[in-house]
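Below is one structure; the comments refer to it alone.
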Amino acid sequence: MVPTPGAKTIAALAEFLAIPASHTAKVVLLMGTIGDTERLTMAIVRGDMEANLVAIQQVVHASTLRPAAADEIRCAGIEPG
């Protein structure tokens, strides 16, 4: 693990580490309805790419998919940010 104080964006992280954004990754937390249950879903995306919600929805077989709210993320024991 590499400490990255104050790096809140991929651009800031890449600059701090002196690497291209394409050499980083980000976690995208989403709420998806799978069957009859709404579940927190995590996608790992290359740093210079945007999350494709349609593709993620198909991969996880969710009928709906949306960005997770901060309180939903905290309920999973994860600190958003």
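When a/c is below 1.5 the answer is rounded, else prolate if a/b is larger than b/c, else oblate, so apply that to the chain with a ≥ b ≥ c taken from the square roots of the Cα gyration tensor eigenvalues. The shape class here is oblate.
Compared with the alpha-carbon gap, the fully stretched path from ALA7 to VAL27 is longer by 5.8 nm at 0.36 nm per residue. Amide H to amide H distances under 5 Å link THR41 with LEU30, MET31, GLY32, where only residues 5 or more positions off or on other chains count and H is placed in the peptide plane. Each residue of segment 16-29 is assigned a 3J(HN,Hα), and the resulting list reads 4, 8, 6, 9, x, 4, 5, 9, 10, 9, 10, 9, 10, 9 Hz, derived from the Karplus form 6.51 cos²θ - 1.76 cosθ + 1.60 (θ = phi - 60°), x at Gly and Pro.
Throughout, read-outs are computed from the coordinates displayed, never taken from laboratory work. Just so we're clear, the structure is a prediction, and the values are computed from it rather than from any experiment.
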